[in-house]
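Worksheet: the structure to be examined is printed underneath.
The values are calculated or read from the model by the stated rules, or taken from the named source; none is laboratory data. Note that the coordinates shown come from a computational prediction; the quantities given were computed from them, not determined experimentally. Ideal geometry is used to build each Cβ from the backbone, glycine not excepted, and the neighbour counts take in all protein chains shown. Each accessible area value is taken on the protein alone, full model and side chains, heavy atoms only, with ligands, DNA and RNA left out. Shrake-Rupley method; radii C 1.70, N 1.55, O 1.52, S 1.80 Å.
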Amino acid sequence: MVEIERQPLQRLHGVLDDDVYESFYRKMQNAAKTLDGRTVWNVNSTAEGGGVAEMLGTLLPYARDAGWDVRWAVISGDDEFFDITKGIHNALHGSPPSDDIWDRAGEVYARVTKTNANQLSRHIHAGDVMLIHDPQTAGLIDSLTKAGAATSWQCHIGTDEANEWTRRAWDFLRPYVEPADRYVFTREDYLWEGLDPARLRIIPPSIDVLSAKNAPMDGDSIEAILRAAAVLDGQAVPAEFVRPDGVVGFVTNHVNRVGGDAPLPSDARMVLQVSRWDRLKDPIGLLRMFADHFNERRDVHLVYAGPSTNNVNDDPEGKAVLDAATEVWRSLEPAVQQRVHLLEVPMKDVDENAAIINALQRRADVVVQKSLEEGFGLTVAEAMWKGRPVVAGRVGGIQDQIEHERSGILIDDPYDVAGFASAVCRLLDDPEKAKEFGVEAHRRVRERFLGPRQLSQYADLMVELTRAARAA
């Protein structure tokens with residue numbers, strides 16, 4: 001079980017208009033009354049290192065303060081299980097698994113999910129509400145439903161156009177998913193063929209603007225944090241950040257600069273992508289873009305910042321992707337190589353990690369998200385909240401966040417390296433346009449992608465599932 005600290009709902013009042021906050025607060029309280037002591041379980045595959053874990057870590061403390069009995073369980077599995085589920089994850093994005101997983105997938109997946117379902121079933125009661133997240137946990141649904149729980153399967157990934165790989169993943173998972181009372185997707189287009197549309201609910205993700213990752217940060221703090229983390233050169237000084245509970249923390253851990261390259265010069269212009277080490281995030285394509293199109297821009301540096309690969313247990317491909325990117329980095333011309341930085345950001349302290357990412361995003365001149373496929377891509381919303389101009393592929397939920405040529409730039413073909421380079425150079429050369437995009441980006445995130453909106457939608461879902469359980 002993951003420990004959940006209480007976070008006062010009142011903290012959110014400062015980021016919402018009064019009438020919006022009052023409506024949100026009433027909805028959270030009413031949901032607590034409807035739940036009437038029932039436990040709301042969230043089940044996923046990792047407590048740290050991914051978007052779902054970050055979302056749960058952000059939202060559940062507020063739900064607890066509202067009076068919900070919320071709990072968070074993380075399933076266990078061996079390397080083979082996570083290798084298979086990573087392949088299924090890739091297939092749901094329309095990309096083939098790295099090897100042929102299908103012959104062994106059925107037995108391994110059924111065995112591991114059954115073991116986890118049996119362990120979890122000992123803790124739940126009839127009428128509890130189960131929010132089951134992503135492919136790794138879908139195999140628990142049938143057992144938990146039979147135990148009397150109301151179940152909702154949350155799928156945080158998808159693709160704009162299904163292909164043979166997508167449909168194969170659907171066919172594999174559909175028998176496990178079908179028994180759920182509700183299916184929650186981040187976009188309507190992601191609903192699978194063969195699932196009942198009447199059970200579909202659309203809940204896009206959100207960011208927590210009060211977290212260490214998104215909290216306000218002045219220029220001196222940005223520089224101090226990046227120097228303390230060994231991202232920027234210069235004399236390191238004590239670098240503070242504020243944790244969600246208000247306690248002051250200090251950056252004490254350094255990033256791992258792959259290949260041992262030097263820190264960025266303090267006056268460098270920065271093009272940044274923050275992503276997991278995932279081939280669908282296309283770190284190699286990003287390196288090729290920079291090598292092919294930024295050779296003459298000697299003051300511009302590229303940073304790809306991902307989590308330490310030692311801390312993301314449900315992503316066995318991460319180390320391989322990092323190794324592949326490192327080989328490409330080693331092949332670059334020395335003059336380019338010294339301006340390309342592959343950073344593993346430490347995760348020993350989750351809040352410290354968030355503060356470093358916050359500082360990186362606020363320090364960046366242009367943020368890029370060169371994903372080939374994307375479920376939603378909240379790193380885009382994070383950068384937009386900070387007023388950064390973003391260049392990203394027109395894929396998945398990214399196109400729901402960025403309004404092209406208004407709050408950022410969308411590239412129609414995510415493989416279009418020259419198109420990405422041209423858009424980035426345009427923003428580097430036109431600071432006024434970059435600032436204009438950043439102002440509009442911040443406004444759009446404030447209106448559409450903050451935590452209270454997502455919590456309100458989950459409150460509606462809790463009421464719906466609880467009433468369905470009573471009627472059963």
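Say we look at the range 244-258 and pick out the residues that are open to solvent by less than 40 Å² (accessible area, probe 1.4 Å) and outside any loop (DSSP other than H, G, I, E, B); which of these is farthest from Y62 (Cα to Cα)? If you could, list the steps in order and put the result at the bottom.
Initial filter on the range 244-258 (open to solvent by less than 40 Å² (accessible area, probe 1.4 Å)): 249, 251, 253, 255, 258.
Those left that are additionally outside any loop (DSSP other than H, G, I, E, B): 249, 258.
Values: G249: 22, V258: 37 Å.
Looking at residues that are open to solvent by less than 40 Å² (accessible area, probe 1.4 Å) and outside any loop (DSSP other than H, G, I, E, B), I get V258.
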Quiz item: Got at least one residue in the range 370-385 being of a type in the set (K, R) and within 28 Å of L12 (Cα to Cα)?
Solution: no
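Suppose we filter the range 209-220 for residues that are open to solvent by less than 70 Å² (accessible area, probe 1.4 Å) and closer than 23 Å to L12 by Cβ; how many remain?
Of the residues in the range 209-220, the ones open to solvent by less than 70 Å² (accessible area, probe 1.4 Å) are 209-215, 217, 219.
Imposing the further condition that a residue be closer than 23 Å to L12 by Cβ reduces the set to 209-215, 217.
Residues in the range 209-220 being open to solvent by less than 70 Å² (accessible area, probe 1.4 Å) and closer than 23 Å to L12 by Cβ: 8 in total.
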Quiz item: Picking from D292, D323, which residue would you name as being open to solvent by 20 Å² or more (accessible area, probe 1.4 Å) and either free of Cβ contacts under 8 Å to residues at least 12 places away in the same chain or under 19 Å from L378 (Cβ atoms) (or both)?
Solution: D323
Quiz item: When you look at R201, is it at pLDDT 95 or above, open to solvent by 60 Å² or more (accessible area, probe 1.4 Å), in contact with a helix residue (DSSP H, G or I) (Cβ under 7 Å, 6 or more places away or on another chain) and within 26 Å of H93 (Cβ to Cβ), yes or no?
Solution: yes
Quiz item: V20 fails exactly one of the following numbered conditions: (1) among the hydrophobic types (A, V, I, L, M, F, W, C); (2) under 25 Å from H156 (Cα atoms); (3) in a helix (DSSP H, G or I). What is the number of that condition?
Solution: (2)
Quiz item: In the range 1-25, which residue that is under 17 Å from E54 (Cβ atoms) and open to solvent by 60 Å² or more (accessible area, probe 1.4 Å) is modelled with the lowest pLDDT?
Solution: E5
Exercise. Check the range 295-302 and report whether any residue there is over 27 Å from the mean Cα position of the chain (by Cα), part of a loop (DSSP other than H, G, I, E, B) and buried (at least 16 other Cβ atoms within 10 Å of the Cβ).
Key: yes
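Residues of the range 239-262 being among the small types (G, A, S) and at pLDDT below 90, which ones? Outline the logic, then answer.
Initial filter on the range 239-262 (among the small types (G, A, S)): 239, 246, 249, 259-260, 262.
G246, G259, G260, A262, listed by residue number.
Each row is one residue, and each column tells you yes or no for (1) part of a loop (DSSP other than H, G, I, E, B); (2) within 24 Å of A381 (Cα to Cα); (3) acidic (D, E); (4) free of Cβ contacts under 8 Å to residues at least 60 places away in the same chain.
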{"residue": "V43", "(1), (2), (3), (4)": "no, no, no, no"}
{"residue": "E48", "(1), (2), (3), (4)": "yes, yes, yes, no"}
{"residue": "R64", "(1), (2), (3), (4)": "no, no, no, no"}
{"residue": "A73", "(1), (2), (3), (4)": "no, no, no, no"}
{"residue": "G87", "(1), (2), (3), (4)": "no, no, no, yes"}
{"residue": "N90", "(1), (2), (3), (4)": "no, yes, no, no"}
{"residue": "R104", "(1), (2), (3), (4)": "no, no, no, yes"}
Quiz item: Would you pick out the residues in the range 227-243 that are open to solvent by 10 Å² or more (accessible area, probe 1.4 Å), in a loop (DSSP other than H, G, I, E, B) and among the aliphatic types (A, V, I, L, M)?
Solution: A230, A236, V237
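Scanning the range 338-356 for residues that are open to solvent by less than 10 Å² (accessible area, probe 1.4 Å) and part of a strand (DSSP E or B), which turns out farthest from A229 (Cα to Cα)?
First pass over the range 338-356, keeping only residues open to solvent by less than 10 Å² (accessible area, probe 1.4 Å): 339-343, 345, 352, 355-356.
Subset that is part of a strand (DSSP E or B): 340-343, 345.
Numbers: V340: 17, H341: 14, L342: 14, L343: 11, V345: 9 Å.
Only one residue fits best here, namely V340.
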Quiz item: Is one or more of the residues making up the range 267-288 among the β-branched types (V, I, T), open to solvent by less than 10 Å² (accessible area, probe 1.4 Å), at pLDDT 95 or above and assigned to a loop (DSSP other than H, G, I, E, B)?
Solution: no
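Would the range 405-413 turn up any residue that is under 27 Å from T58 (Cα atoms), at pLDDT 95 or above and open to solvent by 20 Å² or more (accessible area, probe 1.4 Å)?
Taking the range 405-413 first, the residues under 27 Å from T58 (Cα atoms) are 407-408.
Then drop every residue that is not at pLDDT 95 or above, which leaves 407-408.
Keeping just the survivors that are open to solvent by 20 Å² or more (accessible area, probe 1.4 Å) gives none.
No; the residues of the range 405-413 include none that is under 27 Å from T58 (Cα atoms), at pLDDT 95 or above and open to solvent by 20 Å² or more (accessible area, probe 1.4 Å).
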Quiz item: Somewhere in the range 449-470, is a residue basic (K, R), touching a Gly at 6+ places or on another chain (Cβ under 8 Å), in a helix (DSSP H, G or I) and farther than 21 Å from Q361 by Cβ?
Solution: yes
Quiz item: Do we find that K319 is among the charged types (D, E, K, R), touching a Phe, Trp or Tyr at 6+ places or on another chain (Cβ under 8 Å), under 30 Å from D160 (Cα atoms) and modelled with pLDDT of 95 or more in this structure?
Solution: no
Quiz prompt | Checklist (1) part of a helix (DSSP H, G or I); (2) open to solvent by 20 Å² or more (accessible area, probe 1.4 Å); (3) farther than 21 Å from L287 by Cα; (4) not basic (K, R) applied to A359, failing item | solution = (2)
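Take V328 and tell me if it is surrounded by fewer than 23 Cβ atoms within 10 Å (Cβ to Cβ), within 24 Å of I75 (Cα to Cα) and of a type outside the set (D, E, K, R).
Values: surrounded by fewer than 23 Cβ atoms within 10 Å (Cβ to Cβ): yes; within 24 Å of I75 (Cα to Cα): no; of a type outside the set (D, E, K, R): yes.
So V328 fails the test.
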